Amino acid sequence: MSQLDNKTKRAYINAHLIDPASGLDTKGALLTEGIHIVDFGPDLFKDGVPEGIEIIDCQGHHLAPGLVDIRVHLREPGDEHKETILTAGQAAAAGGITSIAALPDSTPVLDDVSGVEYVARRAREAKMVKIFPYGALTKRLEGKELTEFGLLSEFGAVAFTDSTKAVANAQTMRRALSYAKTFNALIVQHPEEPTLAGGVMNGGEISTRMGLSGISTYAEIIMVERDIRLVEMTGGRYHAAHLSTAGAVDIIRQAKARGLPVTCDTAPHYFCLNENSVLDYRTFAKVSPPLRSEDDREAIFQGLADGTIDAIASDHSPHDQDSKRLPFAQAEFGIVGLETLFPLALQLYHKKALSLLDCLSLVTNKPAEILGLPVGKIAKGAAADLVLFNPDSPYFIDPEKFRSKSKNSPFTGFPAQGKVLRTVVDGRTIYER
Amino acid sequence: MTTYAETIAAGQTGHGHLLGIEGLRADQISNLLDLADGYVDQNRAVKKTTDLLEGRTVINLFFENSTRTRTSFELAAKRLGADVINMTVASSSIKKGETLVDTAMTLNAMHPDVMVVRHSDSGAVKLLSEKVNGSVINAGDGSHEHPTQALLDALTIRRRKGDLYGLRVAICGDVAHSRVARSNIHLLNTMGAEVRLIAPPTLLPSAVDRMGVETFHNMKEGLEGCDIVMMLRLQLERMQGSFVPSVREYFRYFGLDQEKLAMAKPDALVMHPGPMNRGVEIDSELADDLDRSLIRTQVEMGVAVRMACLHALTQGTLSDGVQS
């Protein structure tokens with residue numbers, strides 16, 4: 001954020017302003033000054049825009065807070081051939097995302113202050129989207145010793161997680177939830193009982209036919225159930241990442257009804273695809289947790305529609321060709337998602353499960369609230385992080401056009417609706433169609 | 001209708017693969033078995049070779065150790081007059097960095113007409129087939145399929161029982177990890193046989209009943225009225241506690257002996273894809289009982305069936321409907 005254009009004023013006129021946090025849904029205009037939103041509303045600039053203000057004509061399109069993606073693997077440091085902070089930022093910008101929370105499973109692991117500071121510095125240099133790092137929950141992600149929750153929080157860690165590794169040891173999880181209360185820190189779990197999760201795809205008829213080892217839905221259900229009991233025991237704040245099963249959604253629903261401090265998210269592939277996507281040994285659909293049955297897919301969709309699931313995160317997991325062009329069992333788990341998060345989230349709106357406001361909420365203010373990020377809403381004085389988009393324009397997803405370094409998406413040819421026209425971070429346009 | 005010339009041309013340019021039984025139609029299976037029947041006679045004659053595949057190259061590419069299957073394919077190709085190269089790629093070479101796809105493309109550059117491939121990963125043979133020009137025959141991929149084994153089993157049964165239709169066949173043992181079981185389930189169902197699986201639940205894959213089979217955990221109940229009893233090999237590493245508690249207990253409840261076999265039809269026949277664990281899944285005397293055991297016939301039929309597969313793929317007589 002250059003200090004030079006600190007006072008630059010930009011007027012977004014002819015916009016359809018939409019903000020889930022406040023319920024704003026009106027035609028109007030918005031004014032930014034430097035890095036902040038300073039004014040907005042239906043009557044702003046009714047009599048024209050004063051001189052000296054840069055004008056951006058939105059041509060009637062929707063102007064919303066930029067998306068907040070709380071689950072992204074940056075691959076930097078360590079695997080820069082798969083993705084870098086810069087390319088992830090470019091991909092996010094093209095996807096309408098203005099803030100991302102970066103998972104700590106880089107090489108080295110982000111389990112100390114210097115790692116977290118490094119990512120923050122590289123993010124500033126890249127000058128793309130805002131990057132909020134997670135801290136590792138345990139040192140080296142080994143599931144044994146807790147990291148310095150307090151110090152890491154002070155240096156910017158927004159929550160603590162062992163990324164794609166479940167914290168399997170119940171005592172470790174118990175202590176993490178207890179200790180985190182000192183700093184009001186959030187614990188994020190990859191909910192999968194590892195001793196039940198030795199497989200490579202969902203367990204069931206298809207894994208049996210394909211001769212692949214299956215992962216039972218109970219691997220997820222049991223871990224979420226156990227963790228809920230530990231939350232009950234400790235009172236710590238808990239977030240279950242990327243739910244994939246009907247059973248886990250039920251458990252979270254009941255835990256919320258009992259007033260426990262529990263939230264959860266899911267990724268677009270868990271409500272847009274099912275296990276049939278791995279037929280023909282398609283490794284681009286190999287993901288952890290695995291794509292599940294159609295019944296589970298419907299339950300995830302329903303969990304989003306009824307508010308049980310609090311947010312949608314891409315779980316962006318870039319992998320190069322060499323990591324995927326392998327026999328299925330040997331291929332890496334993961335799907336890239338920064339450039340498909342928005343159109344796939346909009347499926348909930350297009351399928352009439354949610355209003356546009358409620359649908360946007362799942363990718364803006366709600367995920368921001370889970371991690372306590374000061375973004376994801378349109379308000380006076382708020383950061384000028386915006387996305388201009390057309391929710392209806394249809395197209396077929398083409399991973400070859402992704403800005404991400406990796407193209408491992410199972411959504412090739414998927415009919416989507418919703419195009420990002422412009423992405424603005426701190427008042428600066430970082431993407432324009 | 002394709003003309004004779006087109007059929008030959010297709011055979012020369014390479015085309016279809018045999019990657020599995022799933023997806024094959026009954027008439028295609030019957031045609032292969034008819035073709036194999038003829039080769040049984042040829043193999044029993046003094047002169048066992050023809051020049052059908054003269055000038056063609058067959059590569060046996062085995063990423064997993066195998067003696068019998070590789071030998072069977074080698075003999076089959078040689079008896080049809082092909083040039084055969086055997087390559088056993090130990091897993092250590094893969095660890096050196098060359099991927100399966102690299103290996104496939106390297107060998108493909110040498111213009112093999114047929115590649116016979118075995119790999120320890122399900123789907124690996126299909127992946128390889130997408131990168132080569134010639135035909136690929138799956139000689140076993142992970143726990144997925146082993147189509148020529150199912151075909152040789154079918155030929156063995158058909159020659160003894162006349163027809164597969166209406167037979168009650170029990171497949172017993174480690175179905176969960178068995179490619180032989182999966183290929184046989186597909187083939188027997190396609191040909192109208194009734195398939196039963198007999199195993200402890202730890203050795204049955206999830207939702208296997210959705211494949212059109214009935215499952216039993218009690219061997220005597222499962223064997224009732226069976227015409228054919230197919231035993232599967234139980235890998236040593238699975239006998240030591242994680243899937244079954246001990247060899248002793250496994251043989252007691254799931255090993256085939258005369259007493260349990262008595263529950264099947266009086267003329268029931270016993271099969272095993274080999275290599276056998278005598279005293280683990282099958283009683284040693286029973287395995288050698290020529291009145292009941294088809295185990296050695298299976299080996300003989302193996303060569304004939306593989307000749308039929310090489311014949312059909314290279315001559316283009318099976319191209320329609322075979323996975324390509």
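The values are calculated or read from the model by the stated rules, or taken from the named source; none is laboratory data. Quick caveat: nothing in here was measured; it's all calculated off a predicted structure. Every residue, glycine as well, gets a Cβ built from its backbone with ideal geometry; the counts of neighbours run over all protein chains shown. Areas reflect the complete protein model, heavy atoms only, side chains present, ligands, DNA and RNA absent. Shrake-Rupley method; radii C 1.70, N 1.55, O 1.52, S 1.80 Å.
Within the set A:Ala91, A:Ala21, A:Ala29, the sole residue that is of a type in the set (A, V, I, L, M), in contact (Cβ under 8 Å) with a residue 60 or more places away in the chain and not in a loop (DSSP other than H, G, I, E, B) turns out to be A:Ala91.
Suppose we filter B:Glu281, B:Glu285 for residues that are over 30 Å from B:Gly134 (Cβ atoms) and surrounded by fewer than 17 Cβ atoms within 10 Å (Cβ to Cβ); which single one remains?
Criteria check complete, one pass: B:Glu285.
Looking only at region B:137-160, residues that are more than 14 Å from every other protein chain (Cβ to nearest Cβ), in contact with a helix residue (DSSP H, G or I) (Cβ under 7 Å, 6 or more places away or on another chain) and open to solvent by less than 10 Å² (accessible area, probe 1.4 Å) come to 9 in all. Pairs meeting the criteria (first residue in region B:206-228 and more than 14 Å from chain A (Cβ to nearest Cβ) and free of Cβ contacts under 8 Å to residues at least 40 places away in the same chain, second residue assigned to a strand (DSSP E or B) and open to solvent by 60 Å² or more (accessible area, probe 1.4 Å), beta carbons under 7 Å, at least 6 apart or on different chains) are lacking. Set side by side, the residues B:Glu214, B:Glu224 differ, and just one is open to solvent by 30 Å² or more (accessible area, probe 1.4 Å) and either more than 27 Å from A:Glu205 (Cβ to Cβ) or in contact with a helix residue (DSSP H, G or I) (Cβ under 9 Å, 6 or more places away or on another chain) (or both), which is B:Glu214.
Which residues, taken from region A:212-237, are open to solvent by less than 10 Å² (accessible area, probe 1.4 Å), within 14 Å of chain B (Cβ to nearest Cβ) and either β-branched (Val, Ile, Thr) or outside any helix (DSSP H, G or I) (or both)? Scanning region A:212-237 gives a single hit, A:Ile215.
Hey, can you tell me all the residues within region A:250-284 that are within 16 Å of A:Thr412 (Cα to Cα), within 18 Å of the chain's Cα centre (by Cα) and of a type in the set (A, V, I, L, M)? If the condition is that a residue be within 16 Å of A:Thr412 (Cα to Cα), within 18 Å of the chain's Cα centre (by Cα) and of a type in the set (A, V, I, L, M), then A:Leu273 is the only one that fits.
Would you check if B:Ala262 is of a type in the set (A, V, I, L, M, F, W, C), without any contact (Cβ under 8 Å) to a residue 12 or more places away in the chain, surrounded by fewer than 23 Cβ atoms within 10 Å (Cβ to Cβ) and touching an Asp or Glu at 6+ places or on another chain (Cβ under 6 Å)? For B:Ala262, the condition - of a type in the set (A, V, I, L, M, F, W, C), without any contact (Cβ under 8 Å) to a residue 12 or more places away in the chain, surrounded by fewer than 23 Cβ atoms within 10 Å (Cβ to Cβ) and touching an Asp or Glu at 6+ places or on another chain (Cβ under 6 Å) - is not met.
Of everything in region A:26-40, what is open to solvent by less than 10 Å² (accessible area, probe 1.4 Å) and touching a strand residue (DSSP E or B) at 6+ places or on another chain (Cβ under 6 Å)? Give them in sequence order. Walk me through it before giving the result.
Kept after step one, since they are open to solvent by less than 10 Å² (accessible area, probe 1.4 Å), are these residues of region A:26-40: A:29-30, A:32, A:34, A:37.
Within region A:26-40, A:Ala29, A:Leu30, A:Thr32 qualify.
Can you confirm whether B:Thr99 is within 14 Å of another protein chain (Cβ to nearest Cβ), surrounded by fewer than 16 Cβ atoms within 10 Å (Cβ to Cβ) and either touching a helix residue (DSSP H, G or I) at 6+ places or on another chain (Cβ under 8 Å) or among the small types (Gly, Ala, Ser) (or both)? Yes, satisfied.
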